[in-house]
Amino acid sequence: MSILVSVAVAALVAGGVYLLLRPRTFSAILGLALLSYAANLFLFASSRLEVGLAPLASIKDSPFPDPLPQALVLTAIVISFGMTAFVVILSLRADSDLGTDHVDGTPGSGVGGSEEGGNGLLEETDGVAGDGSRSAGGLRGPSSPGGEVS
Amino acid sequence: MNHLPIIPILLPAFTAMVLLLAARIDMVTKRALSVLAILALVGVSVALLTQASAETLVYRLGDWPAPFGIVLVLDRLAALMVGLTTAVGLGAVLFASRGLDLRGQNFHALLHFQLMGLNGAFLTGDIFNLFVFFEILLIASYGLMLHGGGKERIGAGLHYVILNLGGSAFFVIGLGMVYGALGTLNMADLALRVQEVGPGLQAVVQAAAMLLLVVFGLKAALLPLYFWLPRTYGATSAPVAALFAIMTKVGVYAIIRVYTLVFPNEAPVMAGLPGKVILPVALATTVFATLGAMAAKDLKALIANLLIVSVGVMMTAVGLFTPASLAAALYYMVHSTLVVAALFLIVAMIADERGSVAGALKPAPQVAHAAILGTLFFVCAAAVGGLPPFGGFLGKVYVLRSATDAPGIAWIWGIILGGSLFSLLALARAGSAVFWKTSDAVGVDPADAAAAEVPDDEESHYGPVPSGLAAATVLVVLMSGVAVFAGPLGGYVDQTAAQLANPEGYIELVLGGDEVGEVAQ
């Protein structure tokens, strides 16, 4: 089981870091989410992985898992959840203000607006209609996080 | 039980909540409340400093014994940092009251939440609690950084937020490694267990310590991780940039605390690793930031790079890990934080009076208040560059003297002195470009400047210069105080460094149980 968990953490970190380095805010947010999942899973595993223990401390002498990492993970989940919500709003705002969902605020080279269509959430606030709808399209298609890579 | 250590956290928290609940009251009342709260915090800081000079105080939250409960520890370092935060916060609140706070309802509430997070980070004695307070101050800082909006600010804010969220994820991973290897999160308890780590766990503990160093280095703006800073500080408003001068010091503080107490440089398991990493990185930071200051095309970018230079200098001293060098780092930190915060405010006032040219280093009409702004700029430039009689000079002498026995003395002296020289050149160039190379003799009245459209540099066109001057003057006076009262302050930081070099007292006080708790009360 240790191997399974470590492979899962490694895959999440690798995917998270890769997506974090992508040029669009949507992939960056997904990357942050994966990275925080990895961090939480790792933190959870920091009290050693045990199978078949009582879920809570009992009065008898039966062994029980260390409750502290669970409390820590809970704290970390709440924080990362709140921050994900914040960064989603911030990137929507950046998209409407800057007219692009590129993290540098300038439409990058080699990353065309491949996702067309969709009545953009932000078209009315956005002078450049195509750019506004691109982000909305990205948000509606979470199944393809790497979809922007043409 | 003496409740003093928790007041610097509770007071801003309650102030912020009241300001949030009363979000719709008029701005004058909010400002009054905000300024009153921060003046109260000044009083609390004085009490904290007095208390910490007498004896260290441990506050057990919920009266749970350490290491099971979370403790707040008020030692000399924590009191010094809280005092510094309060001073910078006072300047930021006064300056924001010129009009920046009108651009949104909750500027003052966010600022007090930020103060709460800062004070909590400085006072806590639990490393996971440190993470939580980091998050509090970061969340507040996102709001403050973006306050007022604007394209430049949103774009830079996105980088800042994403970078720090990534940093937080690595912080959690580092804490998981610490807990997995050592089984505790209380800093004093960790310090004891690190001493007993066997060779089997050495690699894990070292990796955890270095991962945390990456996180703290990101906050402190050390070399590979500082490129976010000039853009962020350049894009945000002046009072927020001034307040953020203390944000980098949170990273510096965390490095000092963690690598003197939890993972001490001289501990067998660490084998001097923190010093080996921090010293070259800090020197390289100084070099690159000096180059950045030389290349700056804008006043704000210049000050932001000078801020990084000062971080490089103080981290060089920290990286030596001797009592003398830690004392030097702390003295220099007090000085440089105040002077950089003051410079951000002064530069914003100068930029205001230059119309659409703003802070760019190119010819523009003469600023209207050239005499007073020029004097303030000159004083702060001399101070930040390290000229006598200011604290920057004393601080750098202090740092250089503490490095005399270090093996890399030629590098350390050369880079710090060279950095000072080139910083001064950059400042002289900026000062002459702004005050002397004026395009024509027609002055821009602030009223005209306010009428002229300056869409992206907005925060300041609300109030007259004097109210901004008050804020800058408070910081400049405090900064001069660092030089005038160099004796008492030097004595204080010397004893702080002695306290840091001998963490046994701290550990015993935190873990000592009831009888020590009685003494602490």
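The values are calculated or read from the model by the stated rules, or taken from the named source; none is laboratory data. None of these values were measured; they are calculated from a predicted model. Every residue, glycine among them, receives a Cβ derived from its backbone with ideal geometry; neighbour counts consider all protein chains shown.
Is the stretch A:42-51 home to any residue that is modelled with pLDDT of 90 or more, within 24 Å of the chain's Cα centre (by Cα) and within 13 Å of chain B (Cβ to nearest Cβ)?
Within the stretch A:42-51, one or more residues are modelled with pLDDT of 90 or more, within 24 Å of the chain's Cα centre (by Cα) and within 13 Å of chain B (Cβ to nearest Cβ).
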In the stretch B:25-43, how many residues are touching a residue at least 40 places away in the same chain (Cβ under 8 Å) and out of contact with any His (no Cβ under 6 Å at 6 or more places or on another chain)?
-> 9
Please name all residue pairs, on different chains or six or more residues apart, with Cβ atoms under 9 Å, provided the first residue is in the stretch A:1-15 and is more than 20 Å from B:F170 (Cβ to Cβ) and the second residue is at pLDDT below 90 and assigned to a helix (DSSP H, G or I).
-> A:S2/A:A45
Condition met for A:P69 (touching a strand residue (DSSP E or B) at 6+ places or on another chain (Cβ under 9 Å), of a type outside the set (S, T, N, Q) and at pLDDT below 90) | no
Hey, B:F128 within 14 Å of another protein chain (Cβ to nearest Cβ), farther than 23 Å from B:A207 by Cα and either part of a helix (DSSP H, G or I) or among the aliphatic types (A, V, I, L, M) (or both) or not | no
Please determine, by comparing only the residues of the stretch A:52-93 that are of a type in the set (D, E, K, R) and at the interface with chain B (Cβ under 9 Å from one of its Cβ atoms), which one is farthest from A:A10 (Cα to Cα).
-> A:R93
If you go through the stretch B:151-178 one residue at a time, how many are within 8 Å of another protein chain (Cβ to nearest Cβ) and of a type in the set (G, A, S)?
-> 6
First in the stretch B:353-374 and on the phi > 0 side of the Ramachandran plot and surrounded by fewer than 19 Cβ atoms within 10 Å (Cβ to Cβ), second anywhere and in a helix (DSSP H, G or I) and modelled with pLDDT of 75 or more, Cβ under 8 Å, 6 or more apart | none
Subset of the stretch B:179-194 (residues that are farther than 15 Å from B:V71 by Cα and either at the interface with chain A (Cβ under 9 Å from one of its Cβ atoms) or out of contact with any helix residue (DSSP H, G or I) (no Cβ under 8 Å at 6 or more places or on another chain) (or both)) | B:Y179, B:G180, B:A181, B:G183
Considering only residues of the stretch B:407-420 that are touching a residue at least 24 places away in the same chain (Cβ under 8 Å) and surrounded by fewer than 19 Cβ atoms within 10 Å (Cβ to Cβ), which is farthest from B:G292 (Cα to Cα)?
-> B:G408
Over the stretch B:457-500, the set of residues β-branched (V, I, T), at pLDDT 80 or above and in contact with a His (Cβ under 9 Å, 6 or more places away or on another chain) is B:V482
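Here is a check on your reading of the model: is B:R354 touching a helix residue (DSSP H, G or I) at 6+ places or on another chain (Cβ under 8 Å) and within 30 Å of B:L320 (Cβ to Cβ)? So that I can check it myself, show each step before the final result.
Values: touching a helix residue (DSSP H, G or I) at 6+ places or on another chain (Cβ under 8 Å): yes; within 30 Å of B:L320 (Cβ to Cβ): no.
Spelling it out, it is not the case that B:R354 is touching a helix residue (DSSP H, G or I) at 6+ places or on another chain (Cβ under 8 Å) and within 30 Å of B:L320 (Cβ to Cβ).
Would you point out which residue out of B:K300, B:K276 is without any contact (Cβ under 8 Å) to a residue 24 or more places away in the chain and in a helix (DSSP H, G or I)?
Values: B:K300 fails: without any contact (Cβ under 8 Å) to a residue 24 or more places away in the chain.
Being without any contact (Cβ under 8 Å) to a residue 24 or more places away in the chain and in a helix (DSSP H, G or I) holds for just one of B:K300, B:K276, which is B:K276.
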Residue match in the stretch B:196-218 (condition: more than 30 Å from A:S27 (Cβ to Cβ), within 12 Å of chain A (Cβ to nearest Cβ) and touching a residue at least 40 places away in the same chain (Cβ under 8 Å)) = no
